[in-house]
1. Out of 182, 186, 156, 243, I need the residue that is hydrophobic (A, V, I, L, M, F, W, C), assigned to a strand (DSSP E or B), over 15 Å from residue 60 (Cβ atoms) and open to solvent by 10 Å² or more (accessible area, probe 1.4 Å). Which one?
2. Considering every residue within the range 191-200, establish whether at least one is at pLDDT 95 or above, among the small types (Gly, Ala, Ser), within 16 Å of the ligand (Cβ to nearest atom) and part of a helix (DSSP H, G or I).
3. Kindly list the number of the only condition in (1) among the acidic types (Asp, Glu); (2) touching a Leu at 6+ places or on another chain (Cβ under 6 Å); (3) free of Cβ contacts under 8 Å to residues at least 12 places away in the same chain that fails for residue 516.
4. Which residues, taken from the range 432-462, are within 16 Å of residue 167 (Cβ to Cβ), over 21 Å from the mean Cα position of the chain (by Cα) and of a type in the set (A, V, I, L, M, F, W, C)?
5. Would you check if residue 58 is of a type in the set (D, E, K, R), more than 16 Å from the ligand (Cβ to nearest atom) and in a helix (DSSP H, G or I)?
6. Considering each of 493, 504, 511 in turn, give the residue that is surrounded by 14 or more Cβ atoms within 10 Å (Cβ to Cβ), assigned to a helix (DSSP H, G or I) and of a type outside the set (Gly, Ala, Ser).
7. Any residue that is at pLDDT 95 or above, in a loop (DSSP other than H, G, I, E, B) and open to solvent by 40 Å² or more (accessible area, probe 1.4 Å) - is there at least one of those in the range 73-85?
8. Anything in the range 86-122 that is within 16 Å of the ligand (Cβ to nearest atom) and small (Gly, Ala, Ser)? List them, or say none.
Amino acid sequence: MSRKLRSQHWFGGLDKDAFIHRSWMKNNGLPDDAFDGRPVIGICNTFSEFTPCNAHFRGLIEHIKAGVLEAGGLPLEFPVFSCGESNLRPTAMLFRNLASMDVEEAIRGNPMDGVILMAGCDKTTPSLVMGAASCDLPSIVISGGPMLNGRFRGQAIGSGTDVWKFSEDVRAGVMSQKDFMAAESAMSRSPGHCMTMGTASTMASMVEALGIALPGNAAIPAVDAARARLARLTGRRIVEMVAEDLRLSKILTREAFANAIRVNGAIGGSTNAVVHLLAIAGRIRTALSLDDWDRLGRDVPTILNLMPSGRYLMEDFYYAGGLPAVMKEIADLLHLDALTVTGRSVGANVADAENFNDDVILSRGKALTASGGIAVLRGNLAPDGAIIKPSAATPALMQHRGRAVVFETIDHYKARIDDPDLDIDETSIMVLKNCGPRGYPGMAEVGNMALPQKLLKKGVRDMVRISDARMSGTAFGTVVLHTAPEAAVGGPLALVREGDWIELDVAGRRLHLDVDEAELARRRAEWTAPVPDMTRGYQGLYVERVMQADTGADLDFLVGGSGHAVPRESH
Ligand code: FES
């Protein structure tokens with residue numbers, strides 16, 4: 001390698017500074033030749049026992065390290081903030097940006113030449129890629145892999161998707177509490193992340209489609225030996241990438257994002273990918289807008305038959321051929337010449353892919369929906385946009401006019417929803433406010449509000465719901481999300497009142513509040529901004545500086561990057 005490696009600014013030389021950097025590292029058991037100019041590979045580990053989806057990373061990292069060593073690199077692990085979806089309150093999304101800051105500063109401040117990003121649970125993938133993108137060293141993602149299929153009384157059950165379904169069945173009185181508890185133990189059968197096409201599986205697919213993970217990364221189950229082999233190959237490959245100076249900015253082009261958006265449509269991916277990809281693009285300074293999601297995803301058929309849009313799970317997806325087989329099926333819609341971490345193009349990566357089960361990976365003629373992707377709605381209720389996932393919605397509700405039943409906050413919703421006197425029927429539109437980036441805070445996954453018990457008991461299973469929140473990638477329904485600007489900053493959503501008429505027209509991409517402008521102006525004059533619960537510490541900073549959903553909900557001062565120049569000496 002002709003250029004001087006970044007790590008040699010710490011470990012090279014004979015002066016006192018190099019003495020300090022090397023000597024302390026030697027207490028790890030590293031001999032003199034560990035500092036001879038070989039590439040230092042940082043392994044960014046989101047292991048945490050509070051993030052059960054990533055709790056197997058201590059084992060996985062040993063395979064990564066073996067690969068780095070085999071290729072002649074020096075692997076050094078570093079922990080970062082782990083955003084676990086199932087435990088973190090008030091919502092893991094509040095901490096995505098914090099974790100990304102941790103990742104960025106840890107990479108820039110330490111002697112590393114390349115980075116492996118170990119991600120799994122929903123927010124761990126975007127937070128790591130966002131932080132790494134702001135440094136722009138050679139970087140590669142390895143996902144921890146999905147759990148094995150859930151199995152309950154002979155039936156496959158999926159993380160999240162069946163939680164929502166069973167919970168509604170209990171509230172509707174068609175499932176017992178005892179069976180509900182039994183399903184809880186049958187759902188999570190092995191290490192790994194959610195095995196539906198929720199946000200974790202979607203983001204594992206997105207990094208593969210973007211070209212920043214090795215082919216096959218998305219679908220291999222966490223406990224399959226193929227995952228360990230992929231980890232080893234990832235370790236080997238990053239050492240080569242350092243030699244090639246193959247940095248994120250060379251891969252994360254507009255074409256790469258276009259590929260990812262199209263793949264998201266093909267797999268019936270999570271709506272959460274919208275904010276995450278917009279935020280990643282912002283960090284690497286690649287032009288990407290909310291409207292690109294609509295435009296690029298509109299003609300993509302959903303061909304992956306996985307929950308929540310379809311019936312299978314990630315383990316089945318792996319056996320069917322994984323993401324390369326999906327990408328090959330829609331190859332004519334992709335930029336096949338886009339560069340990837342393999343050093344080859346997308347087209348070369350998927351050329352030999354095979355589909356081993358055409359009921360899991362469908363042919364385009366048998367697609368779940370001809371027009372997958374994410375629809376972006378606009379109108380006086382969402383001047384900066386709102387989104388809906390048509391493949392998870394009820395076709396009959398995609399054009400609907402209904403009377404608003406308004407919940408001012410999530411607590412207001414919880415207090416009212418099962419009130420027998422609530423004036424609501426299946427034609428009503430449920431409106432939830434103050435659950436956006438600033439309002440919740442953190443834009444929680446509460447947009448797929450459970451329906452009122454009295455309607456569930458009548459057999460109603462879907463209604464139009466509108467909010468400034470997100471929803472879990474494992475969820476489903478005619479749910480309008482990410483409404484921008486959000487209610488807490490005075491967006492029109494804040495002005496909706498009980499009984500107002502609202503029109504949803506997904507085909508026409510329209511979301512309209514049927515209230516005249518003079519009345520809206522009166523309501524706007526009366527509106528006062530909600531007072532945040534917390535104004536100090538990180539949450540205070542977040543509420544002050546978070547951007548809206550249509551630009552990725554990053555903190556405004558984190559957009560862009562500061563590169564990976566070697567910082568001033570520490571002593
Ligand atoms: Fe971690 Fe679903 S809770 S991926």
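The values are calculated or read from the model by the stated rules, or taken from the named source; none is laboratory data. Since this is a predicted model, take the numbers as computed values, not measurements. We place every Cβ from the backbone using ideal geometry, glycine too, and count neighbours over all the protein chains shown. For the accessible areas, the whole protein counts, side chains as well, though only heavy atoms, and no ligand, DNA or RNA atoms are used. Shrake-Rupley method; radii C 1.70, N 1.55, O 1.52, S 1.80 Å.
1. Numbers: 182 fails: assigned to a strand (DSSP E or B); 186 fails: assigned to a strand (DSSP E or B); 243 fails: assigned to a strand (DSSP E or B).
Only one candidate qualifies: 156.
2. Yes: the range 191-200 contains one or more residues that are at pLDDT 95 or above, among the small types (Gly, Ala, Ser), within 16 Å of the ligand (Cβ to nearest atom) and part of a helix (DSSP H, G or I).
3. (2)
4. 450, 451, 455, 456, 460
5. Details: of a type in the set (D, E, K, R): yes; more than 16 Å from the ligand (Cβ to nearest atom): yes; in a helix (DSSP H, G or I): yes.
Against the criterion (of a type in the set (D, E, K, R), more than 16 Å from the ligand (Cβ to nearest atom) and in a helix (DSSP H, G or I)), residue 58 qualifies.
6. 493
7. yes
8. 86, 92, 99, 119, 120
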